[in-house]
Amino acid sequence: HEAPRRVKRAWVIPPISVSENHKRIPHLLVQIKSDKQQPGGVVYSIKGPGVDEEPLGIFSIDKFSGKVFLNAMLDREENDRYRLRAFALDLGGVTLEDPTDLEIIVVDQNDNRPLFRQDVFTGRVVEGAEPGTCVMTVDATDADDPDTDNAALRYSILEQGAAGMFSINATTGEICTARPGLDRETMGVYNLTVQAADMSGDGLTTTAMAVIYLEDINDNPPEFTKEEFSMEVEEQAIGVDVGKVFVHDKDLAGSPSWLAKFTILEGDPEGVFAIRTDPHTNDGVLSVVKPLDHEVRDRFELTVSVQNERPLEPSVPASPRALATVRVRVRDVNEAPVFRENPRRISVLEGTPPGTPITTYTASDPDTHQIQTLTYALLYDPADWLQLDPHSGTVRTKRELLHPAPFLQGGWYIALLLARDDAEPPLSATGTLSIEILEVNDHAPQLQPPTGVLCGRPGRGGTLLLGATDDDRPPHGAPFHFQLSPQHPQLARNWSIARFNVTHAVLAVLAELPEGPYSLPLLLRDSGTPPREQQQQLNVSVCHCGRDGTCLDGALAAATAGAGITLGALMIILGSTILLLAQRCPSKPLPAPQDAYDINQLRHPELFSPRAKPPLRRDAPLSSGTPMAPRKLPSSPSDIEDFINEGLEAADSDPSVPPYDTALIYDYEGSGSVASPLSSIVSSLTDEDQDYDYLSEWGPRFRRLADLYG
């Protein structure tokens, strides 16, 4: 290995400094030499940035003398140094010296002004802030060498107005309040011109704007623009705005510190008015919330106060609430008439003659301060029953009021009256007249039916159930009173009438009468006030009596007599039912009637007439036929059992009678029956002292009969 060769001092080149922006070009920077130099025998060259690399052509060298030249102006902010390599060769291109470094340092000059990061800086601070309250920081940069004064910046405020409310830190650029007294209402925005200078404030400078906004606080209470306000409103108006009261607040419009709140302190004990805040103008809007009446009160004097929604800042001196007087005049307008009693209810007797005054129905005019005349007219009179005086309001009957009528509703007749004033334009009101048509007892009860058939033998079949109807409504109808005509006292020897219920009575024969027609004058009286009575004829046919107390031709008589049925026949049917039930269960107590029993069999005896068409029996066997009728009565008690068995078999197979186990009619009750004798029911019909309470013991099917006949 070769020993390291010693680099000769002349070939080591120290760094070369050159100022940026050097204007004398070309400029000799340095001359390099090789000690191996022979006259005209060494060739020098340099390589690197600024020579053969970008940026090209800044540096050059004289290849024979070794002088290095600057050929262009340098900018330190673009390149602060250049590192080149120097070479020494002989004329044959053989290296004489190892390459050496050549460093060129660009020396800074103060050729760059400071630059603020933005043209306008914005900050905010509340009004009234204490001195020393920092608002914002402005900052700038300088492209010069930061290690020199060329980039040493200092800040200052060039302009902010005469007050000098703000200061700036020269080194950091922080802006703070300098003195008290910031008032947004006096000055809401401050515009500051700030400056940055290099060379520690003595070099190049630049400026920017600093805009400081003062934020509002509630330091000003609202105030009325004047002490008194006058308004007017029409009476009867409701839900309308009367007017505005105007206020002024120095605080920021639209902020909570500006928004006003109004209160009515005095002058409105009934709460007729309300006041609200207009959110756009901050004024108070007075409105009517209850109807006003000019005749009751024609003016109001209100005391209104105003304050902010948000309370004042504690630092603000206390002050009383602002007050104003609001005078409201109530303007009179035409008001419609009023029926104070609506509806008017009256009672009128039916049959009231035409032209009878029944009431005076008038309205009143609320406009007591105006002279007006009211007139009246019938607006609704469906039956054309009424006539009305247009000036006095007196209502009279136009025709006789009758009951019932198609226009009555539950006994009430409804009419409508119209009251109208003579103002311009006229106003009207409608009143309802409700007339109760009171029932009058103007009808006597009518005998229904006026004919009947009964047996002429006392005690057994010699009774007839009488009924009556009345066209009057309660309480002028039932209970009815039946009696033989007092003008014919001889009738009482053969006939008697006893009450059966409130609408019926029982006519009974007291002595055996021959067959034939009889005409009995009866007196019927209702329970009205006063009662009405009328004498009517009852046509009775006395028939030939059978052994059981019924007419032998009873079926035919009943059919010709209409709906009448003798009470004796009714009792025989009932007794036969009990007998049949007893025979079906001889070893047990008398059972209650079956649920299938149809009481209509007793109410409609015509179904048992041989002439009636037998109804289709749905439960009868297909092979069943119609039994022979009438059946022959037994000749002796020993034949009774066979008689009943035959009747039972006939009942089970007869499609013309009700279903199995229902009542049949028997001629003879027989002997040995566990049921009580039935003769007492029929034989004592005229005895009002007879006790029929035992009927209620026969089950629920007989309770109605017990109630009616007991």
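Would you call residue 384 of a type in the set (Asp, Glu), at positive phi and open to solvent by 50 Å² or more (accessible area, probe 1.4 Å)? First the steps, then the outcome.
On the way: of a type in the set (Asp, Glu): yes; at positive phi: yes; open to solvent by 50 Å² or more (accessible area, probe 1.4 Å): yes.
Judged against the criteria, residue 384 is a match.
When each of 330, 296, 316 is tested for being in contact with a His (Cβ under 7 Å, 6 or more places away or on another chain), more than 30 Å from residue 407 (Cβ to Cβ) and at pLDDT below 95, the lone residue that passes is 330. Here residue 102 fulfils each of the conditions (1) modelled with pLDDT of 90 or more; (2) touching an Asp or Glu at 6+ places or on another chain (Cβ under 6 Å) apart from (2).
Of the residues 410, 467, 477, the single one that is without any contact (Cβ under 8 Å) to a residue 60 or more places away in the chain, of a type outside the set (D, E, K, R) and in contact with an Asp or Glu (Cβ under 6 Å, 6 or more places away or on another chain) is 477. Scanning the range 128-165 for residues that are in contact with an Asp or Glu (Cβ under 6 Å, 6 or more places away or on another chain) and within 21 Å of residue 182 (Cα to Cα) gives 134, 137. Scanning the range 115-132 for residues that are open to solvent by 50 Å² or more (accessible area, probe 1.4 Å) and assigned to a strand (DSSP E or B) gives 115, 120, 122, 124, 126.
Just so you know, in the range 232-249 the residues that are modelled with pLDDT under 90 and touching a Pro at 6+ places or on another chain (Cβ under 9 Å) include one that is nearest to residue 218 (Cα to Cα), and it is 238. Considering every residue within the range 511-523, establish whether at least one is open to solvent by 50 Å² or more (accessible area, probe 1.4 Å), under 60 Å from the mean Cα position of the chain (by Cα) and in contact (Cβ under 8 Å) with a residue 12 or more places away in the chain. Checked the range 511-523: no residue is open to solvent by 50 Å² or more (accessible area, probe 1.4 Å), under 60 Å from the mean Cα position of the chain (by Cα) and in contact (Cβ under 8 Å) with a residue 12 or more places away in the chain.
The single residue among 303, 352, 368, 359 that is open to solvent by 40 Å² or more (accessible area, probe 1.4 Å) and hydroxyl-bearing (Ser, Thr, Tyr) turns out to be 368. Candidates 493, 457: the one that is farther than 22 Å from residue 528 by Cβ, out of contact with any Phe, Trp or Tyr (no Cβ under 7 Å at 6 or more places or on another chain), touching a residue at least 60 places away in the same chain (Cβ under 8 Å) and open to solvent by 50 Å² or more (accessible area, probe 1.4 Å) is 457. Residues in the range 428-454 that are modelled with pLDDT of 85 or more, more than 30 Å from residue 518 (Cβ to Cβ) and surrounded by 17 or more Cβ atoms within 10 Å (Cβ to Cβ): 429, 431, 432, 433, 435, 437. Looking only at residues of the range 241-252 that are open to solvent by less than 60 Å² (accessible area, probe 1.4 Å) and either basic (Lys, Arg) or assigned to a loop (DSSP other than H, G, I, E, B) (or both), we find that the one that is nearest to residue 329 (Cα to Cα) is 249. Within the set 264, 275, 238, 212, the sole residue that is assigned to a loop (DSSP other than H, G, I, E, B) and either over 39 Å from the mean Cα position of the chain (by Cα) or β-branched (Val, Ile, Thr) (or both) turns out to be 238. Only one entry of 255, 200 meets the criterion of being in a loop (DSSP other than H, G, I, E, B) and at pLDDT below 95, and that entry is 255. Restricted to the range 392-474, the set of strands (runs of 3 or more DSSP E) holding at least 3 residues that are under 56 Å from the mean Cα position of the chain (by Cα) and of a type in the set (Ser, Thr, Tyr) comprises 428-438.
Among the residues of the range 157-175, those identified as surrounded by 17 or more Cβ atoms within 10 Å (Cβ to Cβ) and part of a strand (DSSP E or B) are 157, 166, 167, 168, 175. When you go through (1) under 30 Å from residue 22 (Cα atoms); (2) among the acidic types (Asp, Glu); (3) surrounded by 20 or more Cβ atoms within 10 Å (Cβ to Cβ) one by one for residue 145, which number turns out not to apply? Condition (3) is where residue 145 drops out.
The values are calculated or read from the model by the stated rules, or taken from the named source; none is laboratory data. Nothing here was measured: the structure is a model prediction, and the numbers come from that model. All Cβ positions, glycine included, derive from the backbone under ideal geometry; neighbour counts span all protein chains shown. Side chains are part of the model used for accessible areas, which takes the heavy atoms of the whole protein and leaves out ligands, DNA and RNA. Shrake-Rupley method; radii C 1.70, N 1.55, O 1.52, S 1.80 Å.
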